[in-house]
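Q: Let me give you the structure first, and then I'll get to my questions.
The values are calculated or read from the model by the stated rules, or taken from the named source; none is laboratory data. Note that the coordinates shown come from a computational prediction; the quantities given were computed from them, not determined experimentally. Positions of Cβ are generated from backbone atoms using ideal geometry, with glycine treated the same way; all protein chains shown enter the neighbour counts.
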Amino acid sequence: MIVESLAAAALYEAVCTREKMMDGKMNALKATGLAHAYGKGAARVDVLKNFDLELVPGAFEALMGPSGSGKSTFLHLAAGLITPAAGKIEIGGTEVTALSDGAAAKFRRRHVGVVFQSFNLLDALTVAENIVLPVKLDHGRPDRARLASLIAKLGLEGKEARRPPELSGGERQRVAIARALFAQPDVILADEPTGNLDAAASRSFCALLKELNGQDARSPSENTHAEKSAILLVTHDPVVAAAATKVHFLKEGRIAASCETEGDAEKVSAKYLEVYG
């Protein structure tokens, strides 16, 4: 009875948390007072210092900064891959920085989707097997209807049985996005996702993210097919950043400025030059 009661309480809390997020009462991601450094003594480099950032459910925002400014470090912290020296990160109301390594890995599989520059697909697995891999690792049963929906949404029909070496770079990145979205996570973290794509594939990728985020919907009824995950995109490319609705500029370990993109890469470039000179 005690075990059943605890399980019921945990389920109730999870449902309430999700409802609060959908009602806009809780952030998809919230970072408060983060600090992180590499090295010791004279070699110490403080990458993040008193870093704060909030994303509401369904947000699509970008993080920019020069090389070494801490963009990827923050994504690794948000994904629970490394632990900050100070501060905390909450995702969907759960403080991930307080979780053990094992609990953080389980939480990441269920609540955080990650898209890497290098795709990180397994060549021995098919497209479909790569997409459902996080659920399999979590000992869950993949939702076949969800799989079919994502494959159609990302234009991967007819490629389910292919393996990554048989796909173009753009197609592999679409598989990586499908994998990140499959468990319907609270947040998607994308680390330089267009770094290995040519210009045409990069433009297609940006258009796809906007579509998935519901930006291209002409009416609320069309927006019902949008994914609910918040997206945080790390990039150095103003054109890619302009796909997001808002961009944050990281300087000296914290957010130095933010601006609405209005889909305008020139506006993002001008703000970048204003912040970094």
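Q: Pick from 183, 148: which is farther than 21 Å from residue 72 by Cα, surrounded by fewer than 18 Cβ atoms within 10 Å (Cβ to Cβ) and not aromatic (Phe, Trp, Tyr)? So that I can check it myself, show each step before the final result.
A: Values: 183 fails: surrounded by fewer than 18 Cβ atoms within 10 Å (Cβ to Cβ).
The unique qualifying residue is 148.
Q: Can we say residue 243 is under 24 Å from residue 119 (Cβ atoms), surrounded by 15 or more Cβ atoms within 10 Å (Cβ to Cβ) and at pLDDT below 95?
A: yes
Q: Could you please find all residues in segment 56-78 being touching a residue at least 60 places away in the same chain (Cβ under 8 Å), more than 11 Å from the chain's Cα centre (by Cα) and surrounded by 21 or more Cβ atoms within 10 Å (Cβ to Cβ)?
A: Residues satisfying the conditions are 57, 63, 64, 65, 69, 70, 71, 74.
Q: Separate question: Keeping to segment 193-213, report how many residues are farther than 20 Å from residue 54 by Cα, surrounded by fewer than 24 Cβ atoms within 10 Å (Cβ to Cβ), touching a residue at least 24 places away in the same chain (Cβ under 8 Å) and not hydrophobic (A, V, I, L, M, F, W, C).
A: 6
Q: Counting only residues that are part of a loop (DSSP other than H, G, I, E, B) and not hydrophobic (A, V, I, L, M, F, W, C), which one in segment 154-176 is surrounded by the most Cβ atoms within 10 Å (Cβ to Cβ)?
A: This residue is 159.
Q: Which residues, taken from segment 233-277, are under 21 Å from residue 36 (Cα atoms) and either outside any loop (DSSP other than H, G, I, E, B) or over 21 Å from the mean Cα position of the chain (by Cα) (or both)?
A: 233, 234, 248, 249, 250, 251, 252, 254, 255, 256, 257
Q: Out of 151, 131, I need the residue that is part of a helix (DSSP H, G or I), under 20 Å from residue 191 (Cβ atoms) and not charged (D, E, K, R). Which one? Can you show your working first?
A: Values: 151 fails: under 20 Å from residue 191 (Cβ atoms).
After applying the criteria, what remains is 131.
Q: Now for a separate question. Applying the selection to segment 37-55, what residues are in a strand (DSSP E or B), of a type in the set (A, V, I, L, M, F, W, C) and more than 17 Å from the chain's Cα centre (by Cα)? If you could, list the steps in order and put the result at the bottom.
A: Residues of segment 37-55 in a strand (DSSP E or B): 37-38, 45-55.
From what's left, of a type in the set (A, V, I, L, M, F, W, C): 37, 45, 47-48, 51, 53, 55.
Once the filter is applied, which keeps residues that are in a strand (DSSP E or B), of a type in the set (A, V, I, L, M, F, W, C) and more than 17 Å from the chain's Cα centre (by Cα), segment 37-55 yields 37, 45, 47, 48, 51.
Q: I'd like to know if segment 137-147 contains one or more residues that are in contact (Cβ under 8 Å) with a residue 60 or more places away in the chain and either closer than 28 Å to residue 63 by Cα or of a type in the set (A, V, I, L, M) (or both).
A: So in segment 137-147, the residues in contact (Cβ under 8 Å) with a residue 60 or more places away in the chain come out as none.
So far as segment 137-147 goes, no, none of its residues is in contact (Cβ under 8 Å) with a residue 60 or more places away in the chain and either closer than 28 Å to residue 63 by Cα or of a type in the set (A, V, I, L, M) (or both).
Q: Shifting gears a bit: (1) out of contact with any Leu (no Cβ under 9 Å at 6 or more places or on another chain); (2) modelled with pLDDT under 95: which one isn't true of residue 267, the others all being true?
A: Going through the list (1) out of contact with any Leu (no Cβ under 9 Å at 6 or more places or on another chain); (2) modelled with pLDDT under 95, residue 267 breaks only (2).
Q: Need pairs with beta-carbon distance below 8 Å; first residue surrounded by 18 or more Cβ atoms within 10 Å (Cβ to Cβ) and within segment 84-106, second hydroxyl-bearing (Ser, Thr, Tyr) and assigned to a loop (DSSP other than H, G, I, E, B); sequence gap 6+ or separate chains.
A: 97/83
Q: Assuming residue 118 fulfils every condition listed in (1) outside any helix (DSSP H, G or I); (2) in contact (Cβ under 8 Å) with a residue 12 or more places away in the chain; (3) over 27 Å from residue 207 (Cα atoms) apart from one, which condition is it?
A: It is condition (3) that residue 118 fails.
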